[in-house]
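Following: one structure in structure tokens, then a few remarks.
The values are calculated or read from the model by the stated rules, or taken from the named source; none is laboratory data. Computed from a predicted structure; not experimentally measured. All Cβ positions, glycine included, derive from the backbone under ideal geometry; neighbour counts span all protein chains shown.
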Amino acid sequence: MKHALLIINPHSRNGQVEALDEAIEVLKASGMEVTVRESESEEHLASLIEQYDRDDGVVVIGGGDGTLSSALDVLYRCQRTVAIFPMGTANDFARSIGVPQDLAGAARVIVEGKRKRVSLGKIENEHLFINVAHVGLGVDVTHELSSDSKKFFGVFAYLGAFLRAIKGNKSFKLRIQAEDWDCSMKVIHLAVGNGRYYGGGNIVDERATLFDEEFNLFFIKPKPWWQLLLLGPTLRKGAFNTTEQHIVRNTARRFRVQTSHAKELEADGEFKTRTPAEFELIPEAIEAIVGDLPEPSTGAS
């Protein structure tokens, strides 16, 4: 790589100017030419990537998971190699591909140039996502989050939002129709993982990576809110624990979700559509610059 197009989300830049300048210098010191642009909107972000025509270059997204998510469609359509400067709150995509949270470390990963193709999730043949999609409790957590809380409390804002959300959670009837399995049950939450991490370092499934050819799903059955707190360590680690009857795990490459009434469906922290909805995994969808990749466990409980 001889060139990097660094696209910065200006809302993520606050408080990181010095670290960002240092990271850019790391890229330049390697002999790489760097063009820096600030995205003014999702449309502007897409147009910057669409117009980038350097065959020897890489698109570096400077922002959080939401910024990356808004660029997925054009990255996939134009088949651009992507790298990340983790400048958001959760930075779960960066975690999934082994990119350090400090910007200078992320720049060194780009210089090393290790490439790997990662999967994407697709909803209703239209909406792409890279980390996790949610129905139920996860959506409620997003509603409880605010930009101010994320700014002041960082990843701890997710914990506060979770505590507020579980107190008002309501169950709903869920049906999943996959290619080789079918289930119907009452739940308070459905998570569909394409990547490994979500919500600031929670693990979808201890066996999951961004390079699987299947989604990792888990459902949480109804339980009093104070008992849900006891599930925290299991959910945090994505433990494949067959003794926990309130967490059900499965995998699928393509499936349909139906709920007893239309429910909001979010992916990568953004509203996408409502149920019912169909999911499909796109393996090896885009090329990313990766670091030391997290190793999945064997799944033993």
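A few remarks follow.
- Figure legend. Inter-residue proximity from region 218-229: first residues assigned by TED's automatic domain parsing to the domain that holds Leu137, second residues modelled with pLDDT of 65 or more and among the hydroxyl-bearing types (Ser, Thr, Tyr), beta-carbon distance below 7 Å, spacing 6+ or different chains. Indicated pairs: Pro222/Ser171.
- Answer residue from region 1-35, given it is of a type in the set (A, V, I, L, M, F, W, C) and surrounded by fewer than 14 Cβ atoms within 10 Å (Cβ to Cβ) and is farthest from Thr67 (Cα to Cα) among those: Ala29
- If you go through region 85-133 and keep only what is in contact with a helix residue (DSSP H, G or I) (Cβ under 8 Å, 6 or more places away or on another chain) and closer than 23 Å to Phe219 by Cα, you end up with Ala90, Asp92, Phe93, Leu120, Leu128, Phe129, Ile130, Asn131, Val132.
- Region 22-131 holds helices (runs of 4 or more DSSP H) entirely within its bounds, and those carrying 2 or more residues that are free of Cβ contacts under 8 Å to residues at least 40 places away in the same chain and over 22 Å from the mean Cα position of the chain (by Cα) map to 42-50.
- Any hit, region 58-65, residues being more than 24 Å from Tyr198 (Cβ to Cβ), at pLDDT 95 or above, crowded, with 19+ Cβ neighbours inside 10 Å and not small (Gly, Ala, Ser): yes
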